[in-house]
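A short worksheet on the structure shown next.
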């Protein structure tokens, strides 16, 4: 079972108040139902979601609902759940602000005052048109896929009201609203009150963030070591130049000590070099002192070469 399927089943098991149920049903029937000669037909691939729709419709409208289970053999065998409502179909659609006077109402005319109703509407849209990638197998991605552009814009506007930043992309003859931010996807799962799915998502996110941080630190350490090695090799070449041209013995005693140890330990950092010199000689020196003597050597060679 995919992460989206587990999340939807967890959502389907949660209870809500009557206004939230109406808002959720409004999204479900708007985006995933059809009206066929006054018969309302809702099709689901998930038994728990079908049961939730059935239960909420019965509770709110006290109607008879016919349930048909069919096996679909496209690619793989799976069961499809069809809910048929023969009586009061138009009454239900009008009560849920989907139709008025036998005509479908545009999304933009729908208005929800409370945050809870907006969340419920998004939850209903997600149960029928949404999905979230499993964070353990791919990147962070939440999407809603809709047939009409105005529907996509309406979902995007509600998400914006809830402080989520989403984008719309046309894909074939459909419109996709998507979010890539791991933090925002986590917050949406939290709004859905799907605690088990939230814990799973956050565990994977923490692990991936930690892994990325370790990789960045490792790369940084490798880059620093490579830089230290390159600088060390240049300094070794300069020390060889001084020795080969009988200039080394003309340097001050402390400078010669630093250069001898740099020649001996070409890959050591300035801090490591200062520690070694301080331990093995009477000359106590810090990183800045090491840097001072190496700069002095560089300037001496530059002046000699100008002659």
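Please determine, by comparing only the residues of the range 211-239 that are free of Cβ contacts under 8 Å to residues at least 60 places away in the same chain and in contact with a helix residue (DSSP H, G or I) (Cβ under 8 Å, 6 or more places away or on another chain), which one is nearest to residue 299 (Cα to Cα).
239
Condition first: in contact with a helix residue (DSSP H, G or I) (Cβ under 9 Å, 6 or more places away or on another chain), part of a helix (DSSP H, G or I) and either surrounded by 14 or more Cβ atoms within 10 Å (Cβ to Cβ) or without any contact (Cβ under 8 Å) to a residue 12 or more places away in the chain (or both). Now tell me which residues in the range 261-275 satisfy that.
Within the range 261-275, 261, 262, 263, 264, 270, 273, 274 qualify.
With respect to residue 272, is the statement that it is within 50 Å of the chain's Cα centre (by Cα), in the same structural domain as residue 247 (by TED's automatic domain parsing) and at pLDDT 85 or above true?
yes
For residues that are part of a strand (DSSP E or B) and under 31 Å from the mean Cα position of the chain (by Cα), scanning just the range 34-77, find the one that is surrounded by the fewest Cβ atoms within 10 Å (Cβ to Cβ).
Filtering first and then ranking leaves 43.
Please specify each residue of the range 131-162 satisfying the condition of being in a loop (DSSP other than H, G, I, E, B) and within 16 Å of the chain's Cα centre (by Cα). Walk me through it before giving the result.
Residues of the range 131-162 that are in a loop (DSSP other than H, G, I, E, B), as a first pass: 133-141, 147-148, 162.
Residues satisfying the conditions are 133, 134, 135, 136, 137, 138, 139, 140, 141.
Please pick out the residue among 83, 127 that is in a strand (DSSP E or B) and closer than 27 Å to residue 55 by Cβ. Please lay out each step first, then the result.
Values: 127 fails: in a strand (DSSP E or B).
The unique qualifying residue is 83.
All but one of (1) surrounded by 12 or more Cβ atoms within 10 Å (Cβ to Cβ); (2) on the phi > 0 side of the Ramachandran plot hold for residue 121, so report the exception by its number.
Result: residue 121 passes all but (2).
Can you tell me which residue among 133, 66, 62, 173 is at positive phi and out of contact with any helix residue (DSSP H, G or I) (no Cβ under 6 Å at 6 or more places or on another chain)?
None of the others qualify; the one that does is 62.
So which residues in the range 86-103 are part of a strand (DSSP E or B) and modelled with pLDDT of 80 or more, if there are any at all?
Selection gives 99, 100.
Does the range 239-254 hold any residues that are in a helix (DSSP H, G or I) and surrounded by fewer than 17 Cβ atoms within 10 Å (Cβ to Cβ), and which are they?
Those that are in a helix (DSSP H, G or I) and surrounded by fewer than 17 Cβ atoms within 10 Å (Cβ to Cβ): 240, 241, 243, 244, 249, 250, 253, 254.
What number of residues within the range 163-217 satisfy the criterion of being within 16 Å of the chain's Cα centre (by Cα) and assigned to a helix (DSSP H, G or I)?
Final tally of qualifying residues: 26.
Can you give me the number of residues within the range 7-33 that are exposed (fewer than 14 other Cβ atoms within 10 Å of the Cβ) and not in a helix (DSSP H, G or I)?
Residues that pass the stated criteria total 4.
The values are calculated or read from the model by the stated rules, or taken from the named source; none is laboratory data. Because the structure is a prediction, the values reported are computed rather than measured. As a convention, Cβ positions derive from the backbone with ideal geometry for all residues, glycine included, and neighbour counts pool all protein chains shown.
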